1. If you check 176, 167, 161, which single one turns out to be in a loop (DSSP other than H, G, I, E, B) and either under 30 Å from residue 51 (Cβ atoms) or assigned by TED's automatic domain parsing to the domain that holds residue 193 (or both)?
2. Identify the residue in region 37-64 that is surrounded by fewer than 24 Cβ atoms within 10 Å (Cβ to Cβ), in contact (Cβ under 8 Å) with a residue 12 or more places away in the chain and assigned to a loop (DSSP other than H, G, I, E, B) and, among all such residues, is farthest from the chain's Cα centre (by Cα).
3. What is the one condition in (1) surrounded by fewer than 22 Cβ atoms within 10 Å (Cβ to Cβ); (2) in contact with a strand residue (DSSP E or B) (Cβ under 9 Å, 6 or more places away or on another chain); (3) in a loop (DSSP other than H, G, I, E, B) that residue 351 does not satisfy?
4. Against the condition assigned to a helix (DSSP H, G or I), under 30 Å from residue 111 (Cα atoms) and touching a helix residue (DSSP H, G or I) at 6+ places or on another chain (Cβ under 9 Å), how does residue 341 come out, does it pass?
5. When you check residue 383 against the structure, is it surrounded by 23 or more Cβ atoms within 10 Å (Cβ to Cβ) and in the same structural domain as residue 307 (by TED's automatic domain parsing), yes or no?
6. Determine whether region 82-99 contains at least one residue that is buried (at least 24 other Cβ atoms within 10 Å of the Cβ), modelled with pLDDT of 95 or more and in contact with a strand residue (DSSP E or B) (Cβ under 9 Å, 6 or more places away or on another chain).
7. If residue 144 meets every condition in (1) in a strand (DSSP E or B); (2) farther than 18 Å from residue 219 by Cα; (3) in contact with a helix residue (DSSP H, G or I) (Cβ under 6 Å, 6 or more places away or on another chain) apart from one, which number is that one?
């Protein structure tokens with residue numbers, strides 16, 4: 001039976017020769033992830049039944065949302081994680097100063113691999129599909145059960161095949177623009193409980209940072225997971241991580257696999273995109289937004305906080321100053337990214353531009369801390385969501401864009417195309 005990548009992975013982890021969309025399966029998990037917001041609830045349920053970890057080496061806990069601790073409640077949540085880690089001898093725990101934002105951290109630490117089945121108590125766990133893994137977000141109670149059993153119940157999703165044509169993107173167009181354009185096309189519910197399989201000539205030309213961004217935002221179209229075929233760029237990236245991945249696997253869909261639908265995109269004609277509030281699907285070319293004044297520009301998050309993103313922002317900001325009315329916040333996604341940015345002189349560029357550089361944290365992306373918006377304020381951000389109240393007050397607004405547009409907007413004091421600066 002011909003299968004997609006997603007179906008092949010789910011079949012392998014459920015001990016079956018084949019699976020089909022709609023089938024309910026019990027699958028073995030490769031890795032279980034939770035953070036300082038979601039792990040405490042899972043720990044409570046785990047301890048309520050006197051649970052024992054099925055494998056301490058397959059649990060990953062990352063305090064990254066309200067950390068460094070912003071108040072007493074967040075401090076208590078992080079303490080619960082530390083106590084649980086010590087008591088249960090959890091191998092992979094990334095304390096503040098030793099890790100960073102989970103969805104950038106795990107791939108760079110070599111913890112996610114092609115063919116893996118990964119569940120995380122965070123909706124953007126789908127990021128790991130960039131390396132050819134099946135990765136999806138689940139609830140904290142599901143995490144508790146999986147920590148004990150090593151298994152998870154899933155329904156095999158249908159797959160949408162997304163084909164990206166072209167040989168070269170226009171200047172300043174990135175993976176963020178491709179995924180925003182895609183979400184505009186299919187809608188925020190356009191892939192509900194389906195797999196988004198990214199393929200085509202242009203996809204093969206994208207670097208891993210772009211692929212991570214696209215897989216990360218599959219959830220913004222309602223998808224169960226986003227996934228890429230494994231190619232030379234994937235294996236080259238994995239060989240640069242502690243995983244030193246070398247195994248050859250069949251991480252590609254069969255030529256005659258069935259898809260629920262196909263969508264095709266001409267990428268060479270695509271302009272840099274901006275998504276207006278309150279949905280990521282409200283994407284249009286940046287030049288349609290140049291009359292929107294901003295109060296804050298945020299560059300970072302699990303979507304665009306990688307070193308490639310910081311380099312792009314620095315290219316725009318170099319030798320220029322942030323507009324007097326704008327707060328520019330830059331958040332490297334991990335300690336390693338921060339250190340690399342420091343070595344390359346990017347941090348000096350950001351500070352010289354009157355930007356503030358933060359320790360790795362998810363903080364402002366979810367309206368937690370380190371960049372909350374007041375009533376009536378407007379931000380442009382490289383984050384993944386612009387829902388009502390997402391970054392602060394219910395009457396604040398968030399526009400989504402790539403790092404180059406966000407940097408240019410910080411300079412101009414309004415949403416701007418990078419060519420304007």
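1. The match here is 167.
2. The extreme case among them is 49.
3. With (1) surrounded by fewer than 22 Cβ atoms within 10 Å (Cβ to Cβ); (2) in contact with a strand residue (DSSP E or B) (Cβ under 9 Å, 6 or more places away or on another chain); (3) in a loop (DSSP other than H, G, I, E, B) applied to residue 351, the lone miss is (3).
4. yes
5. When the stated conditions are applied, residue 383 passes them.
6. Yes.
7. (1)
The values are calculated or read from the model by the stated rules, or taken from the named source; none is laboratory data. Owing to the predicted nature of the structure, the values given are computational and were not obtained by experimental measurement. Heads up, the Cβs are rebuilt from the backbone with ideal geometry, glycines too, and the neighbour counts pull from every protein chain shown.
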